[in-house]
1. Just for the chain, what percent of DSSP beta bridges are antiparallel, to the closest 5?
2. Students often get this wrong, so try it: which of (i) 15.6; (ii) 16.8; (iii) 14.0 is Kirkwood radius over Cα pairs in Å as calculated from the structure shown?
3. Between Gln48 and Met1, what is the spin-label point distance in nm, taking each point 7 Å from the Cα along the Cα→C-beta axis?
4. Would you pull out the residues with amide H under 5 Å of Leu22's amide H, same chain only if 5 or more places away, H placed 1.01 Å from N?
5. May I ask for the net charge around Lys25, where only other residues with Cβ less than 14 Å from the Cβ of Lys25 are counted and Lys, Arg are +1 while Asp, Glu are -1?
6. How much length would be gained if the chain were fully extended between Asp21 and Asp75, taking 0.36 nm per residue of separation minus their Cα-Cα distance, in nm to one decimal?
7. With the chain treated as a Gaussian network of Cα nodes joined by springs under 10 Å, which of Arg89, Arg23, Arg41 yields the largest mean-square fluctuation?
8. For the chain, what is the calculated [θ] at 222 nm in deg cm²/dmol (nearest 500), taking -39500 (n - 2.57) for each run of four or more DSSP H residues and dividing by its residue count?
Amino acid sequence: MVETVVNSIDDDKGEDIIVIDLRGKSSIADHMVVASGRSQRQVGAMAQHLLEKLKAKGLKVAAEGIQQGDWVLLDAGDIIVHLFRPEVRAFYALEKMWGLQTPQPAMQQQMGA
């Protein structure tokens, strides 16, 4: 199922896709996928497409934030997906909780931050 999630996000031009293996580290899920979209519209569209694909595979999925599009959470049981605009992702830095590097938004990379 992780492959389905990653492929869907990639097909929708999601950026900086990270899969975090939570097995043995957390009881909330087996995997967490974190990715960015360039705008609220793209984040919302990625989430909606992914939601439809996961439901078509028979998964019960809870979703939060699709309408706002800054940060979308999809909880599919064993897989939790966080989709962000880059600035919001950098602010919350979820990857740091798991000891991973947080991607810098494109604007910060261009400015050398």
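1. On the way: 13 of 19 bridges.
Antiparallel bridges make up about 70 percent of those DSSP assigns within the chain.
2. This structure yields the entry labelled (iii).
3. Simple spin-label model gives 2.4 nm for this pair.
4. Amide H neighbours of Leu22: His31, Met32.
5. Summing Lys/Arg as +1 and Asp/Glu as -1 gives -3.
6. 17.9 nm
7. Comparing Arg89, Arg23, Arg41 in a Gaussian network model of the chain, the most mobile one is Arg23.
8. The helix-only estimate for the chain comes to -11000 deg cm²/dmol at 222 nm.
Just so you know, all these numbers are worked out from the coordinates, no wet-lab data involved. This is a predicted model, so every value here is computed, not measured. Note: ideal-geometry Cβ built from the backbone for every residue, glycine included; neighbour counts use all protein chains shown.
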